1. Within the stretch 231-252, can one find any residue that is closer than 18 Å to His110 by Cα and either touching a Phe, Trp or Tyr at 6+ places or on another chain (Cβ under 7 Å) or at pLDDT 85 or above (or both)?
2. In the stretch 210-227, what residues are under 27 Å from Leu83 (Cα atoms) and either of a type in the set (Phe, Trp, Tyr) or out of contact with any Gly (no Cβ under 9 Å at 6 or more places or on another chain) (or both)?
3. Ala174 fails exactly one of the following numbered conditions: (1) under 16 Å from His151 (Cα atoms); (2) of a type in the set (A, V, I, L, M); (3) in contact with an Asp or Glu (Cβ under 9 Å, 6 or more places away or on another chain). What is the number of that condition?
4. Examine the stretch 89-111 for a residue that is under 24 Å from Ile235 (Cα atoms), of a type in the set (Lys, Arg) and more than 15 Å from the chain's Cα centre (by Cα), and state whether such a residue exists.
5. Counting only residues that are exposed (fewer than 14 other Cβ atoms within 10 Å of the Cβ) and either outside any helix (DSSP H, G or I) or in contact with a Ser or Thr (Cβ under 9 Å, 6 or more places away or on another chain) (or both), how many does the stretch 123-141 have?
6. Taking into account only those residues within the stretch 193-240 that are aliphatic (A, V, I, L, M) and touching a Lys or Arg at 6+ places or on another chain (Cβ under 9 Å), which is nearest to Leu149 (Cα to Cα)?
7. Is one or more of the residues making up the stretch 16-23 touching a His at 6+ places or on another chain (Cβ under 7 Å) and either among the polar types (S, T, N, Q) or under 23 Å from Pro183 (Cα atoms) (or both)?
8. Pairs, please: C-beta under 6 Å, at least 6 apart or cross-chain, first residue at pLDDT below 95 and in the stretch 1-21, second of a type in the set (A, V, I, L, M)?
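The values are calculated or read from the model by the stated rules, or taken from the named source; none is laboratory data. Note that the coordinates shown come from a computational prediction; the quantities given were computed from them, not determined experimentally. Don't worry about glycine lacking a Cβ; one is built from the backbone with ideal geometry, like all the others, and counts go over all protein chains shown.
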Amino acid sequence: MIQNFNYHTHTSRCGHAVGTDEEYVLAAIKAGYKVLGFSDHAPYRDYPSPRVHMNWEQLDDYIQSVTKLKEKYKDQIEIHLGLETEFYPYALEEKKELRSQVEYLILGQHFSEPTGKLCSYFKKNTDAEIEEYADMVVKGLESGMFTYLAHPDVFMNYQPEFNEACQRAAERIAEAAVRTNTPVEVNVRGTIRGKQNFPNGMRYFYPNYDFWKVMANYPVKCVIGIDAHDPEDLIRLSDVENAFKELEDLHLDFVKEIHFR
């Protein structure tokens with residue numbers, strides 16, 4: 001196994017993942033993981049979005065469930081409790097409240113606002129939207145609240161080319177990651193659908209080679225994230241191998257362990 005830990009694991013509470021919490025644990029054990037971190041999509045108290053992230057009312061159940069599994073399987077696997085969430089300056093106090101209830105937060109900037117309705121970055125983005133994405137990611141990293149940055153190249157999901165705006169965004173993210181000593185995630189979920197035909201050739205949705213080529217020019221610390229939305233995602237290690245091989249010649253620096261913030 002390339003990496004014996006995964007801190008990016010979702011649950012059915014977010015509305016777009018399947019399986020029970022225990023099924024994820026059993027799948028991780030079967031796959032040979034030594035550490036499993038749950039990091040479902042964090043709730044927003046004033047913005048319920050049942051198919052995007054868990055609702056605030058589900059938070060206690062999530063915490064209790066993972067805590068019980070942590071004790072039940074302590075002799076077989078190390079389990080940790082986290083959340084994946086966006087960074088919005090106006091929601092900083094809410095983020096601090098969430099952080100006080102879990103072991104770690106992962107920064108995953110999916111949307112430009114909490115409801116997910118105004119702008120999703122999982123599409124073809126304008127240059128202005130790419131700049132906005134980089135702005136929020138950099139501010140999130142500088143907040144010091146996040147253990148690592150998830151799928152930093154998510155804005156490249158449907159981009160037809162790696163243009164100057166993409167280059168600038170990648171450079172800013174790399175500089176902020178180094179400055180704040182925050183690992184960045186090679187997210188393997190984008191390999192599930194296989195390579196697609198883009199104007200600049202066949203490639204995965206992510207990891208995006210051009211983006212990570214920029215990262216390789218900086219002393220960025222990297223981590224592999226399964227981004228599991230199905231227990232089978234933890235067993236299907238071919239996705240990890242495909243993502244790793246795609247970037248192998250860049251000689252990225254992968255961390256051996258994760259330190260919570």
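1. The first filter runs over the stretch 231-252 and keeps only residues closer than 18 Å to His110 by Cα, leaving none.
The answer is no, given that none of the residues of the stretch 231-252 is closer than 18 Å to His110 by Cα and either touching a Phe, Trp or Tyr at 6+ places or on another chain (Cβ under 7 Å) or at pLDDT 85 or above (or both).
2. So the first thing to find is which residues in the stretch 210-227 are under 27 Å from Leu83 (Cα atoms), and the list is 211-212, 215, 219-227.
Passing the criteria: Phe211, Trp212, Met215, Pro219, Val220, Lys221, Cys222, Val223, Ile224, Gly225, Ile226.
3. Exception for Ala174: condition (3).
4. Within the stretch 89-111, not a single residue is under 24 Å from Ile235 (Cα atoms), of a type in the set (Lys, Arg) and more than 15 Å from the chain's Cα centre (by Cα).
5. Number of matching residues: 3.
6. Step one: list which residues in the stretch 193-240 are aliphatic (A, V, I, L, M), which gives 202, 214-216, 220, 223-224, 226, 228, 234-235, 237, 240.
Okay, now just the ones that are also touching a Lys or Arg at 6+ places or on another chain (Cβ under 9 Å), so 202, 226, 228, 234-235.
On the way: Met202: 26, Ile226: 13, Ala228: 16, Leu234: 20, Ile235: 23 Å.
Checking each candidate, the answer is Ile226.
7. Checked against the condition, which is being touching a His at 6+ places or on another chain (Cβ under 7 Å) and either among the polar types (S, T, N, Q) or under 23 Å from Pro183 (Cα atoms) (or both), the stretch 16-23 yields no hits at all.
8. From residues that are at pLDDT below 95, the pairs are Ile2/Val240; Gln3/Ile224.
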